[in-house]
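To start, the structure itself, in structure tokens.
Only the coordinates and a few stated rules stand behind these numbers; no lab work does. No experiment lies behind these values; they were computed from the predicted model shown.
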Amino acid sequence: MLMLLRFKIHELAQQQGIKTAAELAREAKIGQATAYSLWNNDRHDANYSTLLAIGRVLGVKPDELVEVIDGLS
């Protein structure tokens, strides 16, 4: 089964006062390219360690950063 994910990072970050992907990258200590692609939903997967780092900054669990949008068997 293939699961496609939508990242809710942009919305959650803005709720915490983080205005840009670059700011998120600095705060979470992740690469800027990774932060931009997750911020803009340009990818449909992410390493758990990346989601954990972002979740810590945003005060949420990693599973709260994603939404399953499609499941294909």
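Given in Å, the Rg to one decimal and the Dmax to the nearest whole number for the Cα atoms of the chain are 11.7, 39.
The relative contact order of the range 2-67 comes to 44 percent, based on Cα pairs under 8 Å that sit 6 or more residues apart.
Comparing LEU52, LEU38, LEU24 in a Gaussian network model of the chain, where Cα atoms under 10 Å apart are tied by springs, the biggest mean-square fluctuation is seen for LEU52.
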